[in-house]
Amino acid sequence: METVLDKSGRVTLPQDVRDTLRLRPGTVFTVKASARGITLKPHAARTGLVKKGSVWVFRGRLTCRPEDMVDLHKRTREERDRKVLGMGG
């Protein structure tokens, strides 16, 4: 796979690479140069979400109280249960 350096020093990453790595405009990279070439490494997503199998897992720091998260989780489950049981929601 190849890409070209433009006159402003920019490189466009191919769409399939951006899609595979879920890169979005504004993604910040660490750039390292060595005798072997250049390495671009995207900074970790700020959301703290990582995919484990088919499940998204939060691995970041909480910005709210743990009891607020428990309450949010409980309300979300209750809403889902009402929808599944046809009770509105």
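So the values come out like this:
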{"read-out": "Of the criteria (1) surrounded by 10 or more Cβ atoms within 10 Å (Cβ to Cβ); (2) at pLDDT below 85, which one residue 63 fails", "value": "(1)"}
{"read-out": "Complete set of residues in the range 24-37 that are among the basic types (Lys, Arg) and either surrounded by 10 or more Cβ atoms within 10 Å (Cβ to Cβ) or at pLDDT 90 or above (or both)", "value": "32, 36"}
{"read-out": "Residues (within 29 Å of residue 49 (Cα to Cα), assigned to a loop (DSSP other than H, G, I, E, B) and charged (D, E, K, R)) located in the range 24-36", "value": "24"}
{"read-out": "Complete set of residues in the range 1-23 that are outside any loop (DSSP other than H, G, I, E, B), touching a strand residue (DSSP E or B) at 6+ places or on another chain (Cβ under 7 Å) and surrounded by 10 or more Cβ atoms within 10 Å (Cβ to Cβ)", "value": "11"}
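The values are calculated or read from the model by the stated rules, or taken from the named source; none is laboratory data. Here the structure is a predicted model, which is why all the values come from computation and not from measurement. Note: ideal-geometry Cβ built from the backbone for every residue, glycine included; neighbour counts use all protein chains shown.
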